[in-house]
Amino acid sequence: MTKKSDEFEKLNARIRSLVMGSEASVEWNGKIPDPDSPKDLRQIDVLITTADGRRIAVECRDRSGIQTVMWIEELAGRKESLGLDGMIAVAMNGFRPLAAKKAARFGIALYDFKALTNTQIASWSGASFVRTRFLQFNRLDIVATMAKGMTMSLPLSPSFECAGKDGYHAVMAQIRESLDPAQVPTTGRVTFDPSYFAVEGITPLRLAAQYDVAHVDQKATCTTVLMHDRPGLAIALRDVSVEHFDHSVRELISHNGNVHLMIDVERIVSPSNSILDQITIECPTQTSLKQYELVGSRRLVAPLNTVALAVTDTTV
């Protein structure tokens, strides 16, 4: 197995899960006992198990060529050998006519993909809109007030943490949560509970910050669209679409108003001095988010050059 084939199988598992909904469980790389030797487990690319116990195999091929009758005959034998209740064959680039005839004879359902051209994507009525919004700090001055005499032992650039993690990110996040988005851009001053923070391992007596913030938006571009359904069906009639974007949203699968969403945090490039605020996804029709995945690191790292920490002694 290759990474490419694994990813294609996983894509088809996500599609089947979205299409089947609560009517069945869908498992990538499923294993079932061989009827003639139950201790031997047999691998299935994607295994569908319906509520009434029926088992349907989805076998996938992401190859450059069109699939021939030989693969269909192989799957027909596999279906009978393993005692499966159903078999689905998915090929990225479709099937030869004889393969389609044999599939109909053996009760094997066929599916393929059709890619939209760049021109078709630009005019496609089913396109989704994706925007990533950041809260950018044009200025962020943090002041930590320490017990008298404590600053003498601190280095020139002391560490700053919140509950053992990056304190600057925590300050920015708390400011983000306190703001009304409709009031941005804005300036302000905010105080924090100092007990959660530490300057070089020492808890400050007081912690406050002054800020100047604005929104920065990045619109994602749809790079590819795949339309999935039975071979020969016109693109406009296919009811499963798979959109890929250049950042933020790795994959958006749509089927009859339901969506499976995959957000890839590692593909988001944060502007300097910013923190992720929100990702907006707008679909052209009323949509229900059925499933979603977050992949990549959960925390974005942006270079900071307008953020300063000042440490002072209390005069009390």
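The values are calculated or read from the model by the stated rules, or taken from the named source; none is laboratory data. These numbers come from a predicted model, not from an experiment. Cβ placement follows ideal geometry from the backbone for every residue including glycine, while neighbour counts extend to all protein chains displayed. Note: accessible area is taken over every heavy atom of the protein model, side chains too, but ligands, DNA and RNA are not part of it. Shrake-Rupley method; radii C 1.70, N 1.55, O 1.52, S 1.80 Å.
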Which condition number does Asp34 fail, the rest of (1) touching a Phe, Trp or Tyr at 6+ places or on another chain (Cβ under 9 Å); (2) acidic (Asp, Glu); (3) in contact (Cβ under 8 Å) with a residue 12 or more places away in the chain being met? (1)
Within region 121-134, of all residues that are within 30 Å of Leu179 (Cα to Cα) and not charged (D, E, K, R), the one most open to solvent (accessible area, probe 1.4 Å) is Phe129
Could we say that Ile66 is more than 20 Å from Ala115 (Cα to Cα), among the β-branched types (Val, Ile, Thr) and in contact (Cβ under 8 Å) with a residue 24 or more places away in the chain here? no
Among residues of region 188-229, those that are within 25 Å of Cys162 (Cα to Cα), touching a Lys or Arg at 6+ places or on another chain (Cβ under 9 Å) and in contact (Cβ under 8 Å) with a residue 40 or more places away in the chain, counted: 8
The condition from (1) over 14 Å from Ser128 (Cα atoms); (2) open to solvent by less than 20 Å² (accessible area, probe 1.4 Å); (3) not hydroxyl-bearing (Ser, Thr, Tyr) that Ile253 misses is numbered (1)
Yes or no: region 69-79 includes at least one residue that is farther than 15 Å from Phe113 by Cβ and among the acidic types (Asp, Glu). yes
Filter pass, Phe113 being at pLDDT 95 or above, closer than 23 Å to Pro194 by Cβ and among the aromatic types (Phe, Trp, Tyr): no
Restrict the check to region 94-105 and report whether at least one residue is without any contact (Cβ under 8 Å) to a residue 24 or more places away in the chain, over 25 Å from Glu7 (Cβ atoms) and under 25 Å from the mean Cα position of the chain (by Cα). no
Looking across region 135-153 at residues that are hydrophobic (A, V, I, L, M, F, W, C) and at pLDDT 95 or above, the single one that is most open to solvent (accessible area, probe 1.4 Å) is Val143
May I ask you to list the residues in region 263-294 that are out of contact with any His (no Cβ under 9 Å at 6 or more places or on another chain), part of a strand (DSSP E or B), touching a residue at least 40 places away in the same chain (Cβ under 8 Å) and not small (Gly, Ala, Ser)? Leu276, Gln278, Ile279, Thr280, Ile281, Glu282
Residue satisfying all of: in region 300-316; among the aliphatic types (A, V, I, L, M) and either surrounded by 13 or more Cβ atoms within 10 Å (Cβ to Cβ) or modelled with pLDDT of 85 or more (or both); farthest from the chain's Cα centre (by Cα) among these: Val311
Spans of strands (runs of 3 or more DSSP E) in region 153-238 with at least 3 residues under 25 Å from Ile279 (Cβ atoms): 186-192, 206-219, 222-229
Please find, within region 63-120, the residue that is most open to solvent (accessible area, probe 1.4 Å) out of those that are in a loop (DSSP other than H, G, I, E, B) and polar (S, T, N, Q). Ser64
